[in-house]
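Q: Just dropping this structure here.
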Amino acid sequence: MKFKNILVGFVVGTVGGLVLALLNAPKSGKDLQSSFTDGSSTIKSASNQIKEEIGNIKNSVLRAKHETSNIGELVDEVKTLVSNFQQDIEPNVDNLKTGVDDINSRVSKIEKKLSE
């Protein structure tokens, strides 16, 4: 909403400045008419440029919104992948723990035999 207010203020200020400049300039009727024509074309080109930039801003916002929605999907996908990975490695972790316990018991037996 603030951007819209700033934009309206900018356009009103520009138009007002052009009108004051044209009315206060000492010119003949034809020169003044030519100035009005030039001023109106300037205003038209400025308003077209503003419209174009507003369109670009709108597209950027829509693109950012789309990317943000994709981030949520990616987070969900990563959570699923991590969960699947944990489920996949759980049997291996159990096997490794059993193997380590077996090795520890063998080391204990060897130490007992050596100490005898």
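A short reminder: the numbers here are calculations on the coordinates, not readings from a lab. Quick caveat: nothing in here was measured; it's all calculated off a predicted structure. When we count neighbours, we look across all protein chains shown, and the Cβ atoms used for this are built from the backbone with ideal geometry, even at glycine.
Q: Size of segment 42-116 along its principal axes in angstrom, Cα-based, largest extent first?
A: Computed over segment 42-116, the largest-to-smallest principal extents equal 104, 22, 8 Å.
Q: Still on this structure: Going by alpha carbons, how many degrees (0 to 90, nearest 10) lie between the helix axis of 29-115 and the longest principal axis of the chain?
A: 0
Q: So, one more: Suppose we look only past 19 Å in the calculated P(r) of segment 2-84. What percent of the Cα-Cα pairs does that tail hold? List each step's numbers first, then the result.
A: On the way: 2073 of 3403 pairs.
Result: 61 percent of Cα pairs exceed 19 Å.
Q: Still on this structure, I have one more. Return the lysines within reach of K109: Cα separation strictly under 23 angstrom, same-chain partners fewer than 8 residues apart disregarded; answer none if there are no such residues.
A: K97
Q: Neighbouring Cβ atoms within 10 Å as the yardstick, rank S115, S60 fewest first. Provide the component values of the computation, followed by the final result.
A: Values: S115 6, S60 10.
Fewest-to-most Cβ neighbours within 10 Å comes out as S115, S60.
Q: Can you compute the charge dipole magnitude of segment 55-95 about its Cα centre, using +1 on each Lys and Arg Cβ and -1 on each Asp and Glu Cβ, nothing else charged? Give it in debye, rounded to the nearest 20. Provide the component values of the computation, followed by the final result.
A: Numbers: 4 positive and 7 negative charges, 112 e Å.
I would put it at about 540 debye.
Q: Still on this structure, I have one more. Taking 7 Å along the Cα-to-C-beta vector as the label spot, tell me the S41-L23 distance in nanometres, rounded to one decimal.
A: 2.4
Q: Continuing with the same structure: If you stretched the chain out fully between L81 and E111, how much longer would it get, using 0.36 nm times the residue separation minus the C-alpha to C-alpha distance? Working shown, then result.
A: Details: separation 30, 0.36 × 30 = 10.80 nm, distance 4.39 nm.
Extra length from L81 to E111 when fully extended: 6.4 nm.
Q: Once label points are set 7 Å from the Cα along Cα→Cβ at both F10 and L74, what is their separation, rounded to one decimal in nm?
A: Distance between label points: 3.1 nm.
Q: Taking the Cα centre of segment 2-84 as the origin, how large is its charge dipole in debye, to the nearest 20, when only Lys and Arg (+1) and Asp and Glu (-1) carry charge on their Cβ atoms?
A: The dipole magnitude comes to about 360 debye.
Q: Between I71, S40, I54, whose Cα lies farthest towards the positive end of the dipole of segment 2-84 when Lys and Arg beta carbons carry +1 and Asp and Glu beta carbons carry -1, centred on the Cα centre?
A: Value computed over the given set: S40.
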